[in-house]
Structures are given as structure tokens and as C-alpha cells.
Amino acid sequence: MALSPLRSIALKIDQTPMIFKTVGNLVEFLSKIRSQGKAVSFVPTMGNLHQGHLDLVDKAAELSNIVIVSIFVNPMQFGPHEDFDAYPRTLESDCKSLANRPCVAVFAPTVREIYPEGVNTEIDVPSLTTILCGHHRPGHFKGVATVVAKLLNIIKPDVAVFGNKDYQQLQVIRTMVADLLIPVTIVGADTTREPSGLAMSSRNMYLSAEEKETASMLYSTLTTISDELQNGTQISATLKYEKERLASAGFLLDYLEIRDAEDLSKSYVEADFAVILVAAKLGRARLIDNLVVNLNR
Ligand code: PAF
């Protein structure tokens, strides 16, 4: 008896999920899913999946009947001296870690599939892409926005789930989707942390055991500043102290800043929510983290 696509995926418990490598095959599969009136959610990733990604997938599964997880290391978002070549490609183990999750399919295209004619069109959100990480990684968010727009065009999901950990990325995507009238609901999901508080990230694998311990200081910095913001304490001395504390522990700080949580402008004082953002290099890893603070105390 022929199984419907959804049923056959649901039965793939303990096996690897369905994998689509071409746009054509994925689009054909999704049109069958949609003809059954099913809702589709989307979790974009660059693979090397960890618990943080799996939590995004579980969140997406709560919101739809089928989750498409893309695994694509996007060359356009890496700078010339960044870790594009070194970035781990672990499709087989990624699929294994998705295996016990029914109703998940993987889209793992080649670079040629996503950029068949190279890059002739770029998407930019200039108010957000030249500040903070955009300042330190010129072109990065153009690459992210462009590939996410392509993936949304291909998959046309009802919902797309992104981690709050990449806070600036999430705001870029939200703005792009609103401005380009892309019919998708963007959901931000909580950051998954190690017991030490360190935010889970594929780049944590570049850290030695000792550096990993040091890296958890980023979260304690965020919580200290958050507490002081909520207490209404003068914050500039704390910021200075925390920057020095991180530097003496071996971090090379790109920034530690408080911004308006919505538009990331510097004038957060009147905002309802502020976000504390940090980016720093430790050994071979560039780490980012953030904490949103309710200022309506
Ligand atoms: O957050 C990521 O892993 C990437 O920036 C994304 C959203 C998958 C785009 O390549």
C-alpha cells in the first residue's frame, strides 16, 4: 500500500529523515504536503546540529505538521578571512540527530543549487547591517538576508523559527520579511545554554575545555548588566568594569553594548525593552550572546 508523504515520514522513527538535495524535488514534495492542507514550518541552519538547533526544530514542530530543516553552509555570509572552508559539514550525523523526530525533512542543497548564476542580487537592511556584528563582519548580514529570502521563496513556510541567540540576525530577518511583504510568521526561540550559561553554538567546538569554562563569563556579564539595568543603577561604570574583566580573562572584545531591543538603536533608555549584546573572540572562536531586559520595572 502506498503511504502518503506525511505518513511515510512519520514512520521514519529511528531512521534518517527524508533528504532533498534539489529545489525541484523539495518543491514537488511540499506541494503534495500543502494539497493535504498541512502547515509547514522551517528551521534554517548551517548544519553541525547541536541541542540548540534541536530545540528550534521541536519548537517548529509544535507550530506545524512538518518541519523542513535546511542544512546549507552559505558562502555569501562568510568574509574572505573567515571560517567558510573550516566550517564543519556533518550531514550524516546531523540527519542522525534528527532521526527520532517524526515529520522532519532535510533540505541540503549544493552551493550551485542555491546560487546557480552566482550572486547578482543582494538583499540589504542598511539600518541594521552595518552596526554591531555588521560593522565587524562587513557583508555578513547581506549574505544572511539574501540566502534566507531565497530559502523562504523556495519553501514558502507558514512559520520560520530562528534562535534569539543570533539577535541581530533575527531583527534583520524580521525587518526584511516585513519590508518585502514575505508571507511568513517569524518566531524567535529561546537560547539553549550549557549548565554554565554558555550559549550553545557550532563555534563552541573551536574552544578548548579551559576556554569553554572562560567563555561562560559572557553570560555572567550579561546577567550582571541586566540586573543593574533593572535596578536602575548607573550603568556606564559596570560596562567599563565588565569590559576590563573580559579582556583580562583573555577575550578580544568586538563590542559589549546596550541597545533598543527593537531597532537596535543606541537610544534604549526610553524603550520598553533593551538588549545587551556582546561579541568577543576567545582563542579561535568568535562568540556572540545577548539578553533582552524589560525596562518597565
Ligand atoms: O544562523 C544561521 O545558522 C545562518 O545564518 C542561517 C540563518 C542558516 C543562514 O545561513
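Of note:
- So SER196, is it in a helix (DSSP H, G or I), over 23 Å from VAL148 (Cα atoms) and touching a residue at least 12 places away in the same chain (Cβ under 8 Å): no
- Filtering region 138-170 to residues that are more than 10 Å from the ligand (Cβ to nearest atom), within 30 Å of THR22 (Cβ to Cβ) and in a loop (DSSP other than H, G, I, E, B) leaves GLY139, LYS156, PRO157, ASP158.
- Residues of region 218-235 classified as over 19 Å from ASN290 (Cβ atoms) and in a helix (DSSP H, G or I), total: 1
- Where a residue in region 56-71 is away from the ligand (no atom under 16 Å from the Cβ) and its partner, wherever it lies, is assigned to a helix (DSSP H, G or I) and at pLDDT 95 or above, with Cβ under 6 Å and at least six apart: ILE66/ILE33
- Residue match in region 104-122 (condition: of a type in the set (Asp, Glu) and within 19 Å of the chain's Cα centre (by Cα)): no
- For region 72-119, filtered to residues that are farther than 26 Å from ASN204 by Cα and part of a loop (DSSP other than H, G, I, E, B), the residue that is modelled with the lowest pLDDT is PRO102.
- Of the residues making up region 262-285, those that are farther than 18 Å from GLU213 by Cβ and either touching a Pro at 6+ places or on another chain (Cβ under 7 Å) or touching a residue at least 40 places away in the same chain (Cβ under 8 Å) (or both) number 8.
- Some residue of region 120-133 being within 12 Å of the ligand (Cβ to nearest atom), under 25 Å from ILE68 (Cα atoms), not hydroxyl-bearing (Ser, Thr, Tyr) and not in a loop (DSSP other than H, G, I, E, B): no
- Exclusive hit being closer than 27 Å to GLU270 by Cβ, of a type in the set (S, T, N, Q) and more than 16 Å from the ligand (Cβ to nearest atom), set THR175, THR191, THR233: THR233
- Residue within region 37-56 that is charged (D, E, K, R), exposed (fewer than 14 other Cβ atoms within 10 Å of the Cβ) and under 24 Å from THR191 (Cβ atoms) present: no
This table checks each residue for (1) surrounded by 13 or more Cβ atoms within 10 Å (Cβ to Cβ); (2) of a type outside the set (Phe, Trp, Tyr).
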{"position": "TYR219", "(1), (2)": "yes, no"}
{"position": "THR233", "(1), (2)": "no, yes"}
{"position": "THR238", "(1), (2)": "yes, yes"}
{"position": "ARG245", "(1), (2)": "yes, yes"}
{"position": "VAL293", "(1), (2)": "yes, yes"}
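The values are calculated or read from the model by the stated rules, or taken from the named source; none is laboratory data. Given the structure is predicted, the values throughout are model-derived calculations rather than measurements. FYI the Cβ positions are ideal-geometry reconstructions off the backbone, even for glycines, and counts take in every protein chain you see.
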